[in-house]
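The values are calculated or read from the model by the stated rules, or taken from the named source; none is laboratory data. Values in this document were obtained by computation on a predicted structure and should not be read as measured data. Here the Cβ positions follow ideal geometry from the backbone for every residue, glycine too, while neighbour counts run over all protein chains shown. For accessibility, only protein heavy atoms count, side chains too; no ligands or nucleic acids. Shrake-Rupley method; radii C 1.70, N 1.55, O 1.52, S 1.80 Å.
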Amino acid sequence: MHPVVHRLHRDHEHLDQVLDLLERHVDGFHDGEPVDFELIAMVLEYLADYADRVHHRVEDQLFARLQDRADDLGATVRQVMQQHPHLSSRTRQLQTTIEGVVHDAVVTREELEQQARAFIGLQREHLRLEESRLLPQIEGLVSQADLDAAG
C-alpha cells in the first residue's frame, strides 16, 4: 500500500475514534451525566484543523484526478469532494454551538444533541463512503507520481 493511501486509511481510523469519543459524550449528555464541553470543543478544533485543512486537502488532490470519469466511481468522487466543504461548515456550526455552551449561551438540550448526532452521522457516512468506494481503488487509478505528490 502506498504510504499516502495508508496515511489516509489511518486518518479515517483515527477520525472514527474521535467520533466515538464525541458520541460517548453526547450519550452522557443525553443521560444527564456531566459533560466536559471544553474537551468537546478541543475535539472539534482537531477535526476542523486536521481533517479539514490537512486530510481533505490530500484527498481532494488525489480525487481530482478521478472526478471527470463518466462512471459510478466518478460520481462517487464528485459526491465526496462536494461533501468536504459541507463537512467543514457543519464542523464550524457545531463548534459555534459548543463554544456558546461553554460561554453560557442558551442552547436547548434537544438542539445540542440533535446537532451533535447529525454531525457524527454525517462524518461517519462520509468516512464509510471513502473507505468502501474510493480508497480500495485509488492506487490502481491514480499514477505513482500523483500519489507521491499528494504525500
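Calculated from DSSP H runs of 4 or more alone, at -39500 (n - 2.57) each and per residue, what is the 222 nm mean residue ellipticity of the chain, nearest 500? Provide the component values of the computation, followed by the final result.
On the way: 7 runs with 112 residues, N = 151.
Rounded to the nearest 500, it is -24500 deg cm²/dmol.
The solvent-accessible area of Val102, taken with every protein chain present and a 1.4 Å probe, is close to 50 Å². For the options Glu13, Glu139, Glu111, a Gaussian network treatment of the chain with springs between C-alpha atoms closer than 10 Å singles out Glu111 as fluctuating the most. Can you find, among Leu62, Pro34, Leu21, the residue sitting farthest towards the positive end of the charge dipole of region 1-118, where Lys and Arg contribute +1 and Asp and Glu -1 at Cβ? Result: Leu62, furthest along the dipole toward the positive end.
Given +1 at the Cβ of Lys and Arg, -1 at the Cβ of Asp and Glu and no other charges, the dipole of region 59-122 around its Cα centre is 100 debye to the nearest 20. Ranked from largest to smallest solvent-accessible area, with a 1.4 Å probe on the protein heavy atoms, Arg109, Arg24 come out as Arg24, Arg109.
The modelled label-to-label distance for the pair Thr96/Asp146, using points 7 Å beyond Cα in the direction of Cβ, is 3.5 nm. A Cβ-based charge dipole, computed about the Cα centre of the chain with Lys and Arg at +1 and Asp and Glu at -1, lands at about 520 debye.
Distance between the modelled labels on Arg109 and His30, one decimal in nanometres: 1.3 nm (7 Å Cα→Cβ projection).
Tally up the carbon and sulfur contribution to the accessible surface of region 35-126 as a whole percent, 1.4 Å probe, everything protein left in place. List each step's numbers first, then the result.
Working: 2470 of 4870 Å².
Carbon and sulfur: 51 percent of the exposed surface of region 35-126.
In terms of overall dimensions, the C-alpha atoms belonging to region 1-46 reach 45, 18, 7 Å along their principal axes, ordered largest to smallest.
Please calculate how many Å² of accessible area the chain carries per residue, with a 1.4 Å probe and no DNA, RNA or ligand atoms counted. Don't skip to the answer; put the middle values down first.
Details: 8050 Å² over 151 residues.
About 53 Å² of surface per residue is accessible.
Note on Tyr50 and Gln17: the model spin-label points, each 7 Å out from Cα along the C-beta direction, lie 0.8 nm apart.
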